[in-house]
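Peer 1: I'd like to ask some things about the structure below.
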Amino acid sequence: MRCLLFAFLLLGSFPSFALDRFQVEGYTLPNGLQLLLKPGTERGHVAIRLVVGVGLDDFSCADKELPHLLEHLLFSGIDATGEGGLEERMQALGGEWNAYTSNADTTFVIEAPAKNQRKVLDLLLALLTQTRIDDNAINAAKQVVEREDGGHYSHLQRWLDRQDLGHTASNQLAVELGLKCPERAEVDHLTREQLETVRKAWYAPNNMTLIMVGDLDRLLPAYLERAWGELDAVDPAEHSPLPEIKASAAHERTLSHGLVGGGAKLHWLVPEPVLEDLHDETFDLLKDYLDWALYRQMRLAHGLSYGPSAERELFGGVGFMSLNADLERDDLPEAQQVLEELKAGLLKDGLDADTFNRLKQAAISRQAWAVQGNSALADYYWSALGDYEDGRFADPARELQGVTLAEANKAMRELLLQPGYLRIEKPLMSDDQFIWAIVGLLGLFVLGLLAWRIHRKR
Ligand SMILES: [Zn+2]
């Protein structure tokens, strides 16, 4: 009750409260549902995010699509009017909804007029509690999920995946290291019992966070306690541990993408070391630095690549940094040379202090306009849920400010001293090779024809 009283106060006042985007009052209902309510600056609208703590990572390779399939099934209808009737109800309330299944969670994303916020939440609650899953709905949802994944998984595609021809460089490396499933997960074999089990085990209030940002109704806290407080908690299910590197991968490999072409891509990928004593943002700043260094060398100094870039990616429990460049196929040796020199130069001289400080200030400044409006703010809270503590989200600008040049240098050294993995993507043949192959074939054909005519004359 105390939290309820506080929530009333919160929604009733404090225009300054709305301005500090990192301050968000959150509380938990007795059934474990976590609520984050933030009055936004835009009137007449609310952004709703219901984050359910179940994602693709919670399932084995074969059953990976279970949470995604369930997410689709939950839109199949709450009564005899089915999927269409459900959508019509949302239309009548003037809202829009969608849902996404990621590695870590399943999230329902809703934008709605403020005046209908409680009715929209009622509809969402009905979807969670009243949707009946039958075989027809399961088959329809399977088709949709299959189409989203790029159509029917053909024998050819499966074969290409096994031959490493169907993956991009970083995905391919993740497969080699045992961080990612080698083949696309299929949906055909998934059963209704499995789906019901997932629903029971994970779609519980103590595994959900409801984020609401915008023109919040004063009666919202009382409504939530009454309506959403009815949901029954379950014994929390354990998340399966994220995969770690289990296998070794070749230091260097060429991946054939396509048959003929003059382009190529160069990638150097390396696992980010876990450095306990460094700020989380150190590698973000290092990425900005490497991105700029690549641009200066690959594009401005040597004119080898139009859009070279440094990227950070997560596979299982392992973060990767990658240096990437799109190239002309003939420039590959020179580009590799430039990349080696870039790394050697950084290891020898360290990061340039002026450049580091300039990029750090730019990253801090970017935070001032990075998140605009109710919807972006709701998305931000969703993405940063792990950083929420005692009514506050961590302020990235402050975290960035804390990263020193010495820390960034330490991270850079630990990163670049590793051999990493070199991956080259290029088509099987260059344009020239292709033309010579055609000329060769024509030549053979003409020779054959001649030989045949000589043979006939005799
Ligand atoms: Zn989907």
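The values are calculated or read from the model by the stated rules, or taken from the named source; none is laboratory data. The structure displayed is predicted, hence computed values, not measured ones. As a convention, Cβ positions derive from the backbone with ideal geometry for all residues, glycine included, and neighbour counts pool all protein chains shown.
Peer 1: If a residue must be in contact with a Leu (Cβ under 9 Å, 6 or more places away or on another chain), surrounded by fewer than 14 Cβ atoms within 10 Å (Cβ to Cβ) and outside any helix (DSSP H, G or I), how many such residues does segment 356-398 contain?
Peer 2: The number of residues fulfilling the criteria is 0.
Peer 1: Follow-up question, since we're still on this one. How do the pairs read when you match residues in segment 174-185 that are closer than 14 Å to ALA250 by Cβ with residues anywhere that are part of a helix (DSSP H, G or I), using Cβ under 9 Å and keeping only pairs 6 or more apart or on different chains?
Peer 2: Listed pairs, sorted by first residue: VAL175/ASP161.
Peer 1: With (1) part of a helix (DSSP H, G or I); (2) among the hydroxyl-bearing types (Ser, Thr, Tyr); (3) within 16 Å of the ligand (Cβ to nearest atom) as the list, and TYR153 as the residue in question, which single condition is left unmet?
Peer 2: Among (1) part of a helix (DSSP H, G or I); (2) among the hydroxyl-bearing types (Ser, Thr, Tyr); (3) within 16 Å of the ligand (Cβ to nearest atom), the lone unmet condition for TYR153 is (1).
Peer 1: With the requirement that a residue be of a type in the set (S, T, N, Q) and within 16 Å of the ligand (Cβ to nearest atom), what does segment 89-103 give you?
Peer 2: ASN98, THR101, SER102, ASN103
Peer 1: Just checking, how many residues over segment 324-363 are touching a helix residue (DSSP H, G or I) at 6+ places or on another chain (Cβ under 6 Å) and more than 16 Å from THR282 (Cβ to Cβ)?
Peer 2: Of the residues in that region, 6 qualify.
Peer 1: Filter segment 156-169 for residues that are part of a helix (DSSP H, G or I) and over 30 Å from LEU74 (Cα atoms); which is modelled with the highest pLDDT?
Peer 2: Among them, the one singled out is ALA169.
Peer 1: Could you list, in sequence order, the residues of segment 109-141 that are in a helix (DSSP H, G or I), within 16 Å of the ligand (Cβ to nearest atom) and either β-branched (Val, Ile, Thr) or crowded, with 19+ Cβ neighbours inside 10 Å (or both)?
Peer 2: Answer for segment 109-141, where residues must be in a helix (DSSP H, G or I), within 16 Å of the ligand (Cβ to nearest atom) and either β-branched (Val, Ile, Thr) or crowded, with 19+ Cβ neighbours inside 10 Å (or both): LEU127, ALA137, ILE138, ALA141.
Peer 1: Let me ask something additional. Of the conditions (1) surrounded by 11 or more Cβ atoms within 10 Å (Cβ to Cβ); (2) under 24 Å from the mean Cα position of the chain (by Cα); (3) among the small types (Gly, Ala, Ser), GLY214 satisfies every one except a single condition; which number is it?
Peer 2: (2)
Peer 1: Let me ask something else about it. Can you pull out every residue in segment 71-88 that is within 14 Å of the ligand (Cβ to nearest atom) and either among the β-branched types (Val, Ile, Thr) or in contact with an Asp or Glu (Cβ under 9 Å, 6 or more places away or on another chain) (or both)?
Peer 2: Hits for segment 71-88 are HIS72, PHE75, SER76.
Peer 1: So if I check each of ALA335, ALA310, ALA344, which one is more than 30 Å from SER60 (Cα to Cα) and within 27 Å of the chain's Cα centre (by Cα)?
Peer 2: ALA310 is the lone residue from the list that is more than 30 Å from SER60 (Cα to Cα) and within 27 Å of the chain's Cα centre (by Cα).
Peer 1: Let me ask something additional. Within segment 84-108, which residues are exposed (fewer than 14 other Cβ atoms within 10 Å of the Cβ) and among the charged types (D, E, K, R)?
Peer 2: Hits for segment 84-108 are GLU88, GLU96.
Peer 1: For VAL46, state whether it is under 19 Å from the mean Cα position of the chain (by Cα) and not in a helix (DSSP H, G or I).
Peer 2: So VAL46 fails the test.
Peer 1: Would you tally the residues in segment 413-453 being among the aliphatic types (A, V, I, L, M), surrounded by fewer than 13 Cβ atoms within 10 Å (Cβ to Cβ) and part of a helix (DSSP H, G or I)?
Peer 2: The number of residues fulfilling the criteria is 12.
Peer 1: Next question. Out of segment 84-110, which residues are more than 26 Å from LEU66 (Cα to Cα) and either touching a residue at least 24 places away in the same chain (Cβ under 8 Å) or of a type in the set (Lys, Arg) (or both)?
Peer 2: ARG89, LEU93, GLY95
Peer 1: Also: Kindly list the number of the only condition in (1) touching a Lys or Arg at 6+ places or on another chain (Cβ under 7 Å); (2) touching a residue at least 40 places away in the same chain (Cβ under 8 Å); (3) polar (S, T, N, Q) that fails for SER305.
Peer 2: Unmet condition: (2).
Peer 1: Out of the residues in segment 51-69 that are touching a strand residue (DSSP E or B) at 6+ places or on another chain (Cβ under 8 Å) and not in a loop (DSSP other than H, G, I, E, B), which is farthest from the ligand (Cβ to nearest atom)?
Peer 2: VAL51
A quick yes/no check of all residues on (1) modelled with pLDDT of 95 or more; (2) charged (D, E, K, R); (3) in the same structural domain as VAL338 (by TED's automatic domain parsing):
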site	(1), (2), (3)
ASP277	no, yes, yes
ASP284	yes, yes, yes
TYR289	yes, no, yes
TRP292	yes, no, yes
ARG299	yes, yes, yes
PRO308	yes, no, yes
PHE315	no, no, yes
ASN324	yes, no, yes
